[in-house]
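What follows is calculated from the coordinates using simple rules that are stated; it is not laboratory data. Being a predicted model, the structure only gives us computed values, none of them experimental. For neighbour counting, all protein chains shown are included, and Cβ atoms are generated from backbone atoms with ideal geometry for every residue, glycine included.
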Amino acid sequence: MGLFDKKNPPMKKLLLIATGGTIACRETENGLSPALSGAELLDCVPKLSEFCTMDVRDLMQLDSTDMTADDRLRIAHAVRQNAERYDGFVIAHGTDTLAYTAALLYHLLADLVKPVVLTGSMLPMGAPDSDAPRNLLDACRVAADGHAGVVAVLCGKILAGNRTVKFHSTQIDAFLSAGMPPLGTVGTDGRVRWDVPVAPPAQSAP
Ligand code: ASP
């Protein structure tokens, strides 16, 4: 057998950057509030251990409507600082302004040769029928798939970071790709399918 066993490729090493949002919410006396750590989110998705190893960076615990430009730059720095150490990045984020962070990172990280995948959920992790476990699992599958670039993964769709739009405030399928079809899909069987060729990373830093 060669150094690389095709049937059992080496596990991808991913970093989860947790920022808050509904995905991390718990019921408190003041209503829903981001409270779950990144490690607690990962504990809800045991299937991850089948294809990746994960480290966690709990960067902030915000409702994304409170996120500032500085907070978004902190996310970009967290990815840059760790770019050499990981095969890919997953950012757990509130859905209300996920599209803004995705668009900013799309440009700030245009030269990065690693996948950066934003995800969130319309219902908290642990809530009945929550979309959170699937979205987090799908996001990790896409980050482990290896295509460089900033994308959002929600409800089985892979959306280019600069095309992501939240168009609905309550339904589970709340995001679309503006002006072009989604880049691909993640099936309920876990298969990642790319329908649109992913643009190669930029040659120089922005
Ligand atoms: N207000 C929440 C947020 O954007 C909504 C969500 O995550 O779905 O953080």
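Structure values in brief
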read-out	value
For peptides 83-90, 62-69, 194-201, sequence by mean Cβ density within 10 Å, most packed first	83-90, 62-69, 194-201
Lys, Arg +1 and Asp, Glu -1 on Cβ, resulting dipole of the chain about Cα centre, debye, nearest 20	720
Tally of Lys pairs whose C-alpha atoms are under 25 Å apart, taken over the chain, 8 or more apart or cross-chain	15
Footprinting exposure proxy for E27, E40 (fewest neighbouring C-beta atoms within 10 Å first)	E27, E40
Projected area, mean over directions - the range 1-124, Cα convex hull, nm²	8.6
Phi-based couplings in Hz for the range 186-200 (Karplus 6.51, -1.76, 1.60; Gly and Pro marked x)	10, x, 5, 7, x, 7, 8, 10, 9, 9, 10, x, 7, 4, x
Difference of contour (0.36 nm per residue) and Cα-Cα distance, F51 to A83	9.6 nm
Computed lengthening from A69 to R191, 0.36 nm per intervening residue step minus Cα-Cα distance	40.5 nm
Charge dipole of the range 3-126 about the Cα centre (unit charges at C-beta), most positive-ward option of T19, G88, M125	G88
Student exercise, the range 101-206 dipole from Lys, Arg, Asp, Glu Cβ charges, in Debye to nearest 20	120
Residue-averaged 222 nm ellipticity for the chain, from DSSP H runs of 4+ at -39500 (n - 2.57), nearest 500	-6500 deg cm²/dmol
Positive dipole terminus of the range 68-206, leading residue within V153, V192, Y106 (C-beta point charges)	Y106
